[in-house]
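These notes are about the structure you will find just below.
The values are calculated or read from the model by the stated rules, or taken from the named source; none is laboratory data. Given the structure is predicted, the values throughout are model-derived calculations rather than measurements. Neighbour counts run over all protein chains shown; Cβ positions are idealised from the backbone, glycine included. What goes into the accessible areas is simple: the full protein's heavy atoms, side chains included, and nothing from ligands, DNA or RNA. Shrake-Rupley method; radii C 1.70, N 1.55, O 1.52, S 1.80 Å.
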Amino acid sequence: MNISIYASFEMFNFRRIRSGPACAMLGPLLCLLATGCLVGVVGCANREAIGRLSSEPLPTFSDSGPAEMSDRWWTAFGDAELNARVQQAFGGNYDLAAALQRVSAARAVARRQASDFFPDVNGVATAGGDFGPGDDDFPSVIGLDASYIVDLWGQIDALVDAERLRASATYADYQTIALAVSAEVTRTWLNLIEAKAQLELLDDQIETNRTGLDLQESRFGLGLVRSPDVLRQRQLLESTFEQYAVAKSRVDVLEHQLAILLGELPQTASYDPGTRLPDMPSLPRTGLPAELLNRRPDVRSAFLAFQAADRDVAAAITDQFPRLNLTGSVLNVADSPENLFRDWFVSIGGQLVAPLIDGGQRRAEVDRTTSVARLRYNEYGQTMLIAFGEVEDALAQERYQLERLEHLAEQTELARKSSEQLREQYLIGDEDYLAVLTAIQGWQRLQRESLAAQLELRLIRVSLYLALAGGFDPRGQTADTVVVSTEDVESPAPAESDPAATDSDAGDDDRPDGLRDDSSAESSETDGMPDDEDRRPDAGDDGLPAPDRPERERLIDLLSTGPSVSAPNELLNVEASRANWSGPTRLPSPPSFQTIVVRPDE
């Protein structure tokens, strides 16, 4: 059962604009009185922190290099055709295009939620006719009807914040998918180079084994060798043909995969990346773990999802408090066409609604949103640990892969010498041909393994680049991220003489993300999101609204700064359910996200 108490008042209700000052004074008085009583009944919710953020410094990574890593990390391999293929994938990949539409949809939801800041105004027009004995009547009503929800406790504010944070998290997911697409194209391209190099190596091995077979057949014709030796040599040649068929199949599959990544039909896919793997670039600088958290879009997305869930908790709490609804109308009522636009009625009123008994519905919603916030907190912590683990995994794998390559090179050289010496001993009759074949097979296998190991080393480097990479917009415009600080980022209000502030206020329509540039507010995470129309003609309008409103009513920026390291900020001290808290209770303090848009040179 849901019982609500209503306190209604009518400030004006008159015919032909007749004033009613007594009613105008009585309405607000009733409203304030009822509000005080209802707040006393409802009370204030207890606050309990959802999670704890640790201020302890994070340990550094196990290794680091001298090279600065670009956002477009694949360019470090120095392969111009690879660069072109990655750029082609950014324009043709359907997964990436779908992710962009998810960003547009999320921004539209944020704009829809932000519409609650404004009153609803509707046009009203009704007409009818009454026929019967006496005069016929043609009553009609024409006018405007308006309603407005006063955000007394910040519920609308919290809901708008939540949707905008989700829109920003969706954009971070879009950047994550762009990184994944670039990594898949790079991996497939390198695999294709190695597969074609394997074909080239197998061609040489087939020629070598065919020459050996011709020699054995000639010696068999002269009675110098037995038939099993010829058969063993034929078996070796057939084994090489079998390896060649596997390599050809792999080339075709890789070309199909690359075509799909590029948005092309796989039926006619054919690429010629060459047969030489690119040289290994220098090891990139891994930087500080806090910098990694600020740089990686998947970590940023998890943090934003956590903040959005926190705003949902705040909205659920405020839903337990009284609500104030304002209504108004301007109507023209006429009983005949001759009286149309003669009599006007203006009505302004308000309604105060407070929940008293709802069967625990609102309390259950607070518990549900709190559990979701705790879920997002755990997911954020897991994402951070996975991010650190991916960097350490790649560093360890590359370190040991280099060691493995040294051992493979030494094995290959020893196998070559062994096969040559055994062949010489076989020719003078000191060794059986089976030992020669075994040595040749081992040498050829090591040659193929060495080539595959070189590929694996480069794929490990791709994984390292992907683990360290920051978010970028694949449509061409990038945003540089400020280095993480260990304190909350506070954006001071710009001085009146600051030309940058003047330019930003004057050029709201030119901002790449369609947001109002509110210099006095905290920095917005959506900076660096270029308009879809700049890059894609079919993207549509996905910018967030920038309505002209007084300073006190400006919409809150998409992303506020992160929590302080000394203690959880007020956003984390939200209402929590009384269920026992399980899971990690202290996570490394997230970075204070602040972005600066750097426009590309015209």
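For the reader, a short list of remarks on this structure follows.
- Residues of region 212-230 include at least one that is at positive phi and surrounded by fewer than 16 Cβ atoms within 10 Å (Cβ to Cβ).
- The residue pairs whose first member lies in region 432-445 and is in contact (Cβ under 8 Å) with a residue 12 or more places away in the chain, whose second member is open to solvent by 60 Å² or more (accessible area, probe 1.4 Å) and part of a helix (DSSP H, G or I), and whose beta carbons are closer than 6 Å, counting only pairs six or more residues apart or on different chains, are V436/R423; L437/R232; W443/R416.
- Per the listing R72, R102, the residue uniquely at pLDDT 95 or above, over 19 Å from E398 (Cβ atoms) and among the charged types (D, E, K, R) is R102.
- Residue in region 208-221 that is outside any helix (DSSP H, G or I) and in contact (Cβ under 8 Å) with a residue 12 or more places away in the chain present: no
- Total residues in region 257-310, condition of a type in the set (D, E) and closer than 22 Å to L58 by Cα: 2
- Selection status of D116, among the charged types (D, E, K, R) and outside any helix (DSSP H, G or I): no
- Cβ pairs under 7 Å, 6+ apart, first in region 180-192 and part of a helix (DSSP H, G or I), second crowded, with 22+ Cβ neighbours inside 10 Å and of a type in the set (S, T, N, Q): V181/N93
A quick yes/no check of all residues on (1) in a helix (DSSP H, G or I); (2) in contact with a strand residue (DSSP E or B) (Cβ under 7 Å, 6 or more places away or on another chain); (3) open to solvent by less than 10 Å² (accessible area, probe 1.4 Å); (4) not acidic (D, E):
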{"position": "V353", "(1), (2), (3), (4)": "no, yes, yes, yes"}
{"position": "V366", "(1), (2), (3), (4)": "yes, no, yes, yes"}
{"position": "R374", "(1), (2), (3), (4)": "yes, no, no, yes"}
{"position": "Y377", "(1), (2), (3), (4)": "yes, no, yes, yes"}
{"position": "Q382", "(1), (2), (3), (4)": "yes, no, no, yes"}
{"position": "L385", "(1), (2), (3), (4)": "yes, no, no, yes"}
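- Under the condition of being open to solvent by 20 Å² or more (accessible area, probe 1.4 Å) and not in a helix (DSSP H, G or I), the residues counted in region 292-323 number 4.
- Scope region 257-306; condition touching a residue at least 40 places away in the same chain (Cβ under 8 Å) and of a type in the set (G, A, S); matching residues: G263, G274, S282, G287, A290, S301, A302, A305
- Filtered residue count, region 72-90, keeping only those that are open to solvent by 30 Å² or more (accessible area, probe 1.4 Å) and either among the hydrophobic types (A, V, I, L, M, F, W, C) or under 18 Å from the mean Cα position of the chain (by Cα) (or both): 4
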